[in-house]
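This report refers to the structure that appears directly beneath it.
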Amino acid sequence: TDIARIQIPVPSEEIQSRVVAELDKINELIRLKKEQLSDYNKLAQSLFYEMFSNSIENENGWETKKLGELCVSKLKYGSGASAVDFDGNIRYVRITDINEDGTLNNDIKSPNIVDDEYLLNVGDIVFARSGATVGKTYLHRKNNIKCLYAGYLIKATLNTKMVLPIYVFQFTQSKYYKDWVNLNARAVAQPNINAKQYGDLQIPLPPLTLQQFFAQRIELI
């Protein structure tokens, strides 16, 4: 067959061993980096509970508002574009790209059609609305590449005069939120939470000054 006739260059055993050793070093660095990022995420969530556990239980009597009331516009579904090889410019954020901790995986693709209305701005949060990843969230930060979000995600653009995106994002990492997701994900063919349901999510509002202090501490992390 054609495959059997492919010529494969074979470097010396010494060179192959050096290449394998370098790749092992790289894999170990990747493993350590993932552990470090996981520790940072755990620290951020621990800080959230330290500062706001009372607000979740509403022991302080702080105001509570629906997510939809905290947004500057209606929650919006994403693009229906197809995923293609990464073009080096715009990342297509799909529902399967979001990890459990709200980070993005390394399977980077681009959309085959770029529509500016689906580009993410700093502070936008997207919610996964269907399937095994339902309820997962991603906060778009200033150090990320330009991103466009896909159709199985729902975008919330928050009114920062009322609530800070980092507070809402960490709220979505809490047990309270995960319990809400489990309660509201209607299993038909697969779990699903639509824009209206997300819009009705009740979020306690600590004073904005306290949220800002929280954001500063997260920035240090």
Whichever residue in the stretch 81-93 is modelled with pLDDT of 95 or more and out of contact with any Ser or Thr (no Cβ under 6 Å at 6 or more places or on another chain) and, among such residues, is surrounded by the fewest Cβ atoms within 10 Å (Cβ to Cβ): 85
Any residue in the stretch 120-149 that's within 19 Å of residue 108 (Cα to Cα) and open to solvent by less than 80 Å² (accessible area, probe 1.4 Å): show its pairings with residues that are polar (S, T, N, Q) and outside any loop (DSSP other than H, G, I, E, B) at Cβ separation under 7 Å, as long as the two are six or more apart or on different chains. 125/137; 126/137; 127/137; 133/96; 148/79; 149/79
Filter the stretch 63-80 down to residues that are in a helix (DSSP H, G or I), farther than 15 Å from residue 128 by Cβ and open to solvent by less than 60 Å² (accessible area, probe 1.4 Å), then give me how many there are. 2
Scan the stretch 120-160 residue by residue and report those that are more than 14 Å from residue 195 (Cβ to Cβ) and either assigned to a helix (DSSP H, G or I) or hydrophobic (A, V, I, L, M, F, W, C) (or both). 120, 122, 131, 132, 133, 139, 145, 147, 148, 150, 158
Tell me the residue from 163, 181 that is in a loop (DSSP other than H, G, I, E, B), crowded, with 18+ Cβ neighbours inside 10 Å and among the aliphatic types (A, V, I, L, M), please. 163
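Here's a check for you: in the stretch 211-221, which residue that is open to solvent by 50 Å² or more (accessible area, probe 1.4 Å) and out of contact with any Phe, Trp or Tyr (no Cβ under 6 Å at 6 or more places or on another chain) is nearest to residue 131 (Cα to Cα)?
Per the criteria, the residue is 219.
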For the stretch 104-114, which positions are in a loop (DSSP other than H, G, I, E, B) and either touching a strand residue (DSSP E or B) at 6+ places or on another chain (Cβ under 6 Å) or open to solvent by 70 Å² or more (accessible area, probe 1.4 Å) (or both)? 106, 107, 108, 112, 113, 114
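Residue-by-condition table, conditions (1) within 9 Å of the chain's Cα centre (by Cα); (2) under 20 Å from residue 172 (Cα atoms):
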position	(1), (2)
116	no, no
137	yes, yes
146	no, no
153	no, yes
156	no, yes
So residue 171 fits all but one of (1) among the hydrophobic types (A, V, I, L, M, F, W, C); (2) closer than 29 Å to residue 89 by Cβ; (3) in contact with a Pro (Cβ under 9 Å, 6 or more places away or on another chain); what number is the exception? (2)
Across the stretch 1-31, the tally of residues that are β-branched (Val, Ile, Thr) and either assigned to a loop (DSSP other than H, G, I, E, B) or in contact (Cβ under 8 Å) with a residue 12 or more places away in the chain (or both) stands at 4
Among the residues of the stretch 69-80, is there at least one that is of a type in the set (S, T, N, Q) and at pLDDT 85 or above? yes
Filter the stretch 184-208 down to residues that are open to solvent by less than 10 Å² (accessible area, probe 1.4 Å) and assigned to a loop (DSSP other than H, G, I, E, B) and give me whichever is farthest from residue 53 (Cα to Cα). 193
For the stretch 51-62, name all the residues that are loosely packed, with under 13 Cβ neighbours inside 10 Å and at pLDDT 80 or above. none
For the stretch 126-162, how many residues meet the condition of being closer than 18 Å to residue 215 by Cα and in contact with a strand residue (DSSP E or B) (Cβ under 7 Å, 6 or more places away or on another chain)? 7
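The values are calculated or read from the model by the stated rules, or taken from the named source; none is laboratory data. Here the structure is a predicted model, which is why all the values come from computation and not from measurement. Here the Cβ is made from the backbone with ideal geometry for all residues, glycine too, and neighbour counts use every protein chain on show. Protein only, heavy atoms only, side chains kept; ligands, DNA and RNA dropped before computing areas. Shrake-Rupley method; radii C 1.70, N 1.55, O 1.52, S 1.80 Å.
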